[in-house]
Amino acid sequence: MTAASFRQLCLDANDVEAMGRFWGAALGLQSERRDEEVLLRGPTPQHSVWVEPVPEPVTVKQRVHLDVNARGVDDVLALGATPVDLDSFKWRVLKDPEGGELCVFEREEVGDYRLYEVVVDSVDPVRIAIWWGDVLGGTVQHEDEWSWVEGVAGMPFDALVFGWVPEPKTVKNRIHWDVTTPDLGLLTGAGATVLREPDDSIDWTVLADPEGNEFCAVVEEGV
């Protein structure tokens, strides 16, 4: 039994309507307003991305970003992204309308759903990839300064990727993922830290992995 299952992604935004329109179009998801939040819906619940309001703007490079597939980088720029580096890599580096980084991989064939990978900066990619591979029951691969988890049941994108960076984490991640678990003790016993317990306003637990990356866990029996 794995400690958890992938549930969905969440993205912080100052303007949930604008960011919902951008990311819905970029990822090939349907945008739907839900009170103060925007839900981006796809063919399964795991495709969901919740765009959630926060007051603080982007101030530093995001430690978590999304890689998307597109027929051309101009398609994503036309949605409201701005270019950062279009020449140095085999992918194109952009910023979304609020300044968060994303990478575009140009493909000849692109499906309706266009999220390719979720990428996380890490001081020890091998260690944290193995940790998430154990938690989610995926296969861990390594190459140069990159480690990634693939083959996770229900995860609708190719991989959860960890890339080496020298700088430590300093602010809350603006992108995180949620999981379901049959027992919160499976996560804390593996090394996760509880940041916030359920209360009158939330029915999930906010945790951090061993490198401080926030994620939320919902307890569901039989998961």
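Taking other Cβ within 10 Å of each residue's Cβ, how do LEU29, LEU40 sort, fewest first?
Least crowded to most crowded, the residues run LEU29, LEU40.
For region 98-173, what Kirkwood radius comes out of the mean inverse Cα-Cα distance, in Å? Write out the running numbers ahead of the final one.
On the way: mean 1/r = 0.0733 Å⁻¹.
Taking the inverse mean of 1/r over all distinct Cα pairs, region 98-173 comes out at 13.6 Å.
Using a Gaussian network for the chain with springs between C-alpha atoms less than 10 Å apart, which of these wobbles most: ASP74, ASP12, ASP144?
ASP144
Compute the helix-to-body angle for 125-136: its Cα long axis versus the longest principal axis of the chain, expressed 0 to 90° and rounded to tens.
60 degrees
Working from Cα positions, state the angle (0 to 90°, nearest 10) between the long axis of helix 16-27 and the longest principal axis of the chain.
Orientation of helix 16-27: about 80 degrees from the principal axis.
Distances over 32 Å make up what percent of all Cα-Cα pairs in the chain?
More than 32 Å apart: 13 percent of the Cα pairs in the chain.
Please work out the FRET efficiency for the pair ARG107 and ILE202, using the Cβ-Cβ distance as r and a Förster radius of 35 Å; give the result to the nearest 0.05.
Working: r = 38 Å, r/R0 = 1.08.
Between ARG107 and ILE202 the formula returns 0.40.
Output wanted: per-residue J couplings in Hz (rounded whole) for region 179-195, from phi through Karplus 6.51 cos²θ - 1.76 cosθ + 1.60, θ = phi - 60°, x for Gly and Pro.
Couplings: 10, 10, 9, x, 7, 4, x, 5, 7, 5, x, 7, x, 6, 10, 6, 9 Hz.
In vacuum, with every alpha carbon of region 35-153 counted as one equal point scatterer, what does the Debye formula give for log10 I(q)/I(0) at q = 0.12, 0.18 Å⁻¹? Two decimals, please.
-0.54, -1.23
Whole-Hz Karplus ³J(HN,Hα) for region 141-157, in order, using 6.51 cos²θ - 1.76 cosθ + 1.60 and θ = phi - 60°, x for Gly and Pro?
10, 9, 7, 6, 9, 10, 9, 8, 10, 10, x, 7, 4, x, 6, x, 10
Test of understanding: in a Gaussian network model of the chain with alpha carbons linked when under 10 Å, which of ALA18, ALA70, ALA26 would top the mean-square fluctuation ranking?
ALA18
Sort PHE89, PHE105, PHE162 so that the residue with the fewest other Cβ atoms within 10 Å of its own Cβ comes first and the one with the most comes last.
By the 10 Å Cβ count, ascending, the order reads PHE89, PHE105, PHE162.
Please compute the net charge surrounding VAL54, taking Lys and Arg as +1 and Asp and Glu as -1 over other residues with Cβ under 9 Å from its Cβ.
Summing Lys and Arg as +1 and Asp and Glu as -1 gives -1.
Neighbouring Cβ atoms within 10 Å as the yardstick, rank VAL206, VAL64, VAL104 fewest first. Could the numbers behind the result be given before it?
Details: VAL206 17, VAL64 21, VAL104 27.
Ordered from fewest to most neighbouring Cβ atoms within 10 Å, VAL206, VAL64, VAL104 come out as VAL206, VAL64, VAL104.
Search the structure for amide H atoms under 5 Å from the amide H of VAL123, placed 1.01 Å from N in the peptide plane, and list their residues when 5 or more places away or on another chain.
VAL165
Coordinate-derived values only; no laboratory data. Owing to the predicted nature of the structure, the values given are computational and were not obtained by experimental measurement. Note: ideal-geometry Cβ built from the backbone for every residue, glycine included; neighbour counts use all protein chains shown.
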